[in-house]
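Below is one structure, written out as structure tokens; comments come after it.
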Amino acid sequence: MHIENHTIDAHNQSLLAGHRRKMEYVMESVKNPEALLRKLVEFEVAIPSWALGTGGTRFGRFSGGGEPRCLEEKIEDVGLLHALNRSSGAVSLHIPWDIPENAAAVRALAARYGLRFDAMNSNTFQDQPEQAHSYKFGSLQHVRAAVRRQAIDHNLEVIRYGVELGSTSLTVWLADGSCFPGQLNFREAFQRTLQGLQEIYAVLPPDWKLFVEYKAYEPNFYSMTVGDWGQSLLYTSKLGPKAFTLVDLGHHLPNANIEQIVALLLMEGKLGGFHFNDSKYGDDDLTVGSIKPYQLFLIFNELVEGMDARGMDHARDLGWMIDASHNVKDPLEDLLQSVEAILLSYAQALLVDRQLLKAAQEANDVAIAQEVLQAAFRTDVRPLVAEARLRAGGALDPLALYRSEQIRKRLIKERGARGVATGL
Ligand code: LRH
Ligand code: MN
């Protein structure tokens, strides 16, 4: 499904007057708006290839129809998102759910939509049909060397696909752990896992990064062998300078202070990137910013402060990726809302008056410190994010245009109502 530029222009024309009025007000009330707009135009978020169809739970899955039937149609859908918001210029693939049979052709197709390939994701949490050894009791942690070998070889294969596609990073999320006390020797499981990661790290191409993603529980419910940021940091510190910790917002125990975790990982130079989503209870994989938008703002506040302290490039030096699952929303609408929420939080974090905040912190003026933060959080930056889209050639209101163009209806007509996309 391709959306014509003239369709986007006509949509923008219809909204321009109202947008200009809102921008006039924002441009007066915001310090240095042009610099902020440049940063927003540059900022892009990678779309997960496994979240372009309807997600489900063990209790059921309710397909919305028109789902991509192959990798090429997934790239088409990400291309559509990028045409609408000009901030989704990368795809993150999951292997073997999305094996590029012809990598050169897939790479060329993506380039036609202005897309590049972000982190590759390996999968040693499911048994594939012809697989020799089961991952029931783990992969890199497994007591049997043959299972560990199989898992290491899979990750090397994923790196090979990534090199062909121009990706420069691998995300390893391990479902490994235990469900009952006594099931696992924690020390030996850690050491076997570290050894496996070291073999993977050893073959990383020079310009690649290895992201080690942690998770507090599920599918194991007593221990996870990469269970929290501390354990991930232990691995990445022992692995070397190309290994970093990946923060999936849904992978924490209730009430964890994720913004503090982010600040400290950044301070250590070991923050690799994010899997953005939102949750109320567990790894709910809900729309970004739909449940805890203030937490997302506080995370971006630490990111802007910490990245500037290290002179990092906001758009390029960390992995910005979404990891969500859409049980009741149209997957493309959900992703449009998620990208929007990320850009809104980034824009608000850029508005924080750092001098005023520092002065309040130095004076232990707690009330003013809160006022400074919430002044930014309570600023309506939607016109700024829309303006950045407009300047980048996107739609002022991507969701409205997606609806008015009846894209889902057209996808169902083209692909049918029953197709099931690979992924979660
Ligand atoms: C695990 C996870 C991981 C992916 C999977 C699809 O919960 O967040 O990042 O491999 O979801
Ligand atoms: Mn994730």
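The values are calculated or read from the model by the stated rules, or taken from the named source; none is laboratory data. Computed from a prediction, not measured in an experiment: that's the story for all the values here. When we count neighbours, we look across all protein chains shown, and the Cβ atoms used for this are built from the backbone with ideal geometry, even at glycine.
Which ones in the stretch 68-84 are farther than 19 Å from I342 by Cα and either of a type in the set (S, T, N, Q) or in a helix (DSSP H, G or I) (or both)?
Restricting attention to the stretch 68-84, the residues satisfying the condition of being farther than 19 Å from I342 by Cα are 68-77.
Matches in the stretch 68-84: L71, E72, E73, K74, I75, E76, D77.
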**Message:** With the requirement that a residue be under 30 Å from E371 (Cα atoms) and either at pLDDT below 95 or crowded, with 24+ Cβ neighbours inside 10 Å (or both), what does the stretch 323-341 give you?
**Reply:** S338, V339
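Out of all the residues in the stretch 221-243, which are crowded, with 21+ Cβ neighbours inside 10 Å, within 15 Å of ligand 1 (Cβ to nearest atom) and more than 20 Å from the chain's Cα centre (by Cα)?
If we filter the stretch 221-243 for residues that are crowded, with 21+ Cβ neighbours inside 10 Å, which is where we start, we get 224-226, 229, 232-233, 235-236, 243.
So of that shortlist, the ones also within 15 Å of ligand 1 (Cβ to nearest atom) come out as 224-226, 229, 232.
Those that are crowded, with 21+ Cβ neighbours inside 10 Å, within 15 Å of ligand 1 (Cβ to nearest atom) and more than 20 Å from the chain's Cα centre (by Cα): M224, T225.
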**Request:** Please enumerate the residues belonging to the stretch 372-424 that are in contact with a helix residue (DSSP H, G or I) (Cβ under 6 Å, 6 or more places away or on another chain) and at pLDDT below 95.
**Result:** G423, L424
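Only residues that are away from ligand 2 (no atom under 14 Å from the Cβ), of a type outside the set (A, V, I, L, M, F, W, C) and on the phi < 0 side of the Ramachandran plot: list them for the stretch 243-259, please. Full working, then the answer.
Step one: filter the stretch 243-259 for residues away from ligand 2 (no atom under 14 Å from the Cβ), giving 243-244, 253-257, 259.
If we keep only those that are of a type outside the set (A, V, I, L, M, F, W, C) as well, we get 254-255, 257, 259.
Selection gives P254, N257, E259.
Please go through the stretch 13-67 and give me each residue that is among the acidic types (D, E) and outside any helix (DSSP H, G or I), ordered by number.
So the first thing to find is which residues in the stretch 13-67 are among the acidic types (D, E), and the list is 24, 28, 34, 42, 44, 67.
Correct list: E44, E67.
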**Request:** Go through G273, G269, G240 for me and flag whichever is out of contact with any Pro (no Cβ under 8 Å at 6 or more places or on another chain), within 16 Å of ligand 2 (Cβ to nearest atom) and modelled with pLDDT of 95 or more.
**Result:** G273
**Request:** Confirm whether S87 is in a loop (DSSP other than H, G, I, E, B), at pLDDT 95 or above, more than 15 Å from ligand 1 (Cβ to nearest atom) and under 17 Å from G319 (Cβ atoms).
**Result:** yes
**Hits in the stretch 55-104 - residues which are among the hydroxyl-bearing types (S, T, Y) and within 24 Å of L170 (Cβ to Cβ)** = S87, S88, S92
**Request:** Can you give me the ranges of the helices (runs of 4 or more DSSP H) entirely in the stretch 293-364 with at least 2 residues that are touching a residue at least 60 places away in the same chain (Cβ under 8 Å), closer than 23 Å to A83 by Cβ and not aromatic (F, W, Y)?
**Result:** 331-351
**Fill in**
Restricting attention to the stretch 315-330, the residues that are farther than 24 Å from L266 by Cα and within 16 Å of ligand 1 (Cβ to nearest atom) number exactly 3
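I want to confirm something. Restricting to the stretch 268-304 and keeping residues that are of a type in the set (S, T, N, Q) and more than 14 Å from ligand 1 (Cβ to nearest atom), which single residue is surrounded by the fewest Cβ atoms within 10 Å (Cβ to Cβ)? Full working, then the answer.
Taking the stretch 268-304 as the starting set, the residues that turn out to be of a type in the set (S, T, N, Q) are 277, 279, 287, 290, 295, 301.
Filter once more, keeping what is more than 14 Å from ligand 1 (Cβ to nearest atom): 287, 290, 295, 301.
On the way: T287: 22, S290: 19, Q295: 17, N301: 25.
Here the residue is Q295.
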**Fill in**
Taking the stretch 358-370 and keeping residues surrounded by 15 or more Cβ atoms within 10 Å (Cβ to Cβ) and under 30 Å from the mean Cα position of the chain (by Cα) leaves A369
**Asked** So A132 clears everything in (1) assigned to a loop (DSSP other than H, G, I, E, B); (2) within 23 Å of Q231 (Cβ to Cβ) except one condition, right? Which one?
**Response** (2)
**Prompt:** Do the conditions hold for G269, that is, is it assigned to a loop (DSSP other than H, G, I, E, B) and either more than 21 Å from V288 (Cα to Cα) or in contact with a helix residue (DSSP H, G or I) (Cβ under 7 Å, 6 or more places away or on another chain) (or both)?
**Reply:** yes
